[in-house]
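What follows is one structure encoded as structure tokens, with my remarks underneath.
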Amino acid sequence: MDRIRITGGKPLHGKIPISGAKNAALPLMIASLLTEDTLVLDNVPHLADVVQLQRILNNHGVDVTLSGKRSGEAEHAGQTVKISAETIVDTVAPYDLVSKMRASFWVVAPLVARMGQARVSLPGGCAIGTRPVDLLIMALERLGANIEIEAGDVIATAPKGLRGGDIVFPKVTVGGTHVAIMAAVLANGTTVIENAAQEPEVKDVADCLVKMGAKISGAGTSRIVIEGVSKLGPTRHSVLPDRIETGTYAFAVAMTGGDVLLEGARPELLQSALDLLAETGATVTATNEGIRVARNGAGLRPVTVTTEPFPGFPTDLQAQLMALMTRAKGTSRITETIFENRFMHVQELARLGARITLDGQTAMIEGVDRLKGAPVMATDLRASVSLVIAALAAEGETVVNRVYHLDRGFERLEEKLGACGAMVERISG
């Protein structure tokens, strides 16, 4: 099993190209099931989760072709994915495929919307909490789907097609919003989604669906209105830049010092995180090329923050911020409101010398003068990269084990950091 070895103490200088957003690429690939025509996606990141979703789509009879950058594109441009779901040969998504990636459960929506039936395994456990699918099922039921649970599978049927309806989510849910949109675009009549997720990735998927012929208004706000259409057509769409990767590298620069341009990053996608980063003492500047982050060696200031749905501070950057605050001059306070069990990185950061105490869903981080390298273990995707950030500033050598978590969400991490001066290498086997 691969590991990553990091020798800390090197400031970062240079440029880091930001990849396409995983959290948009996955639902965009799933949305290909809604049409018999070809969907071409550009700027898709090279990630383990993309490969796994390709396997799931292949299982349904979908033809997926991946290729690298096109002539004339930047060196680090993402891959192009051509997806043709002309013939769906199977509407079953079995446990051995769905259990590896929770987002794959979302195939239930386009399958029942287009084919009138789907049998999709419940996704099972998750390292950062239960993340239930009850709101996703509720959304389908509001659109007329009949739902049964049998032998760990969700069986959704709508032999006469789905019909428009009103969906009011009791709490903001990104997965529920994606499922509701994908189901509603082919439903007969009008669907209104209230308390919808406002994340940029939701709007990116909706924008692509509109290019395919869907009638969607309000995506990116809390109220989305969808007028169902009989079919969708082909289109080409470029995945928006990954705001979580952007924030992760921005925190890494603040942690180590230095000056880095995050190429292709868009500040409006993570303004709350950039504002918070500026509070810590880093300099954050939007440019025509992306976002420049710099810190000249001055001490980091502590912060107090609560994770919230977009446009608030994202839960997917909570672990990275915690790593940064281990070196702040004072005590920081981070409250996690989105997922339970999302503080599993605390004990691993403590192995590097961090001082963190937990009180329910709040972590108190007392900044220390120095961190020291040690062997650590990744527990989930975001926690694993928080250990990398801490290791970049730690004295000596840190080895991060179980880095397959990293490969699910960060493209060429060692290469991108290494090009900016970090001493980081992958150890295979």
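Observations
- Residue match in the stretch 241-253 (condition: closer than 30 Å to L358 by Cα, in a loop (DSSP other than H, G, I, E, B), modelled with pLDDT of 95 or more and in contact with a helix residue (DSSP H, G or I) (Cβ under 9 Å, 6 or more places away or on another chain)): yes
- Taking (1) of a type in the set (D, E); (2) under 19 Å from I224 (Cβ atoms); (3) not in a helix (DSSP H, G or I) in turn, E141 satisfies each apart from (3).
- Number of the condition not met by R5 [criteria: (1) in a strand (DSSP E or B); (2) at pLDDT below 95; (3) of a type outside the set (G, A, S)]: (2)
- Among (1) in contact with a helix residue (DSSP H, G or I) (Cβ under 6 Å, 6 or more places away or on another chain); (2) outside any helix (DSSP H, G or I) - the single one T285 does not satisfy: (1)
- Complete set of residues in the stretch 165-184 that are free of Cβ contacts under 8 Å to residues at least 40 places away in the same chain and of a type outside the set (A, V, I, L, M): G165, D166, F169, P170, K171, T173
- Total residues in the stretch 352-379, condition within 14 Å of A393 (Cα to Cα) and not hydrophobic (A, V, I, L, M, F, W, C): 6
- Only one of the numbered conditions (1) outside any loop (DSSP other than H, G, I, E, B); (2) without any contact (Cβ under 8 Å) to a residue 60 or more places away in the chain is not met by F343, and that is (1).
- F251 vs. criteria in the same structural domain as C420 (by TED's automatic domain parsing), touching a residue at least 40 places away in the same chain (Cβ under 8 Å) and more than 22 Å from V388 (Cβ to Cβ): no
- Filter pass, L26 being touching an Asp or Glu at 6+ places or on another chain (Cβ under 9 Å), assigned to a helix (DSSP H, G or I) and at pLDDT 95 or above: yes
- Scanning the stretch 395-407 for residues that are surrounded by 17 or more Cβ atoms within 10 Å (Cβ to Cβ) and out of contact with any strand residue (DSSP E or B) (no Cβ under 6 Å at 6 or more places or on another chain) yields H405, L406, D407.
- The residues in the stretch 254-268 that are of a type outside the set (K, R) and either part of a loop (DSSP other than H, G, I, E, B) or at positive phi (or both) can be counted, and the count is 4.
- Strands (runs of 3 or more DSSP E) wholly inside the stretch 146-188 that include at least 2 residues being surrounded by 23 or more Cβ atoms within 10 Å (Cβ to Cβ), of a type in the set (D, E) and outside the structural domain of S217 (by TED's automatic domain parsing): none
- Looking across the stretch 372-420, just one residue is out of contact with any helix residue (DSSP H, G or I) (no Cβ under 8 Å at 6 or more places or on another chain), within 19 Å of R351 (Cα to Cα) and in a helix (DSSP H, G or I), and that is A391.
- Residue satisfying all of: in the stretch 127-147; at pLDDT below 95 and of a type in the set (D, E, K, R); farthest from E201 (Cα to Cα) among these: D134
- Test: residue in the stretch 176-188 that is of a type outside the set (A, V, I, L, M), more than 23 Å from the chain's Cα centre (by Cα) and at pLDDT 95 or above: yes
- Test: residue in the stretch 269-282 that is under 21 Å from R163 (Cα atoms) and part of a helix (DSSP H, G or I): no
- Output for the stretch 284-302, where each listed residue is closer than 19 Å to T326 by Cα and not aliphatic (A, V, I, L, M): R295, N296, G297, G299, R301, P302
The values are calculated or read from the model by the stated rules, or taken from the named source; none is laboratory data. This structure is a prediction, so every number in the text was calculated from the model and none was measured. Every residue, glycine as well, gets a Cβ built from its backbone with ideal geometry; the counts of neighbours run over all protein chains shown.
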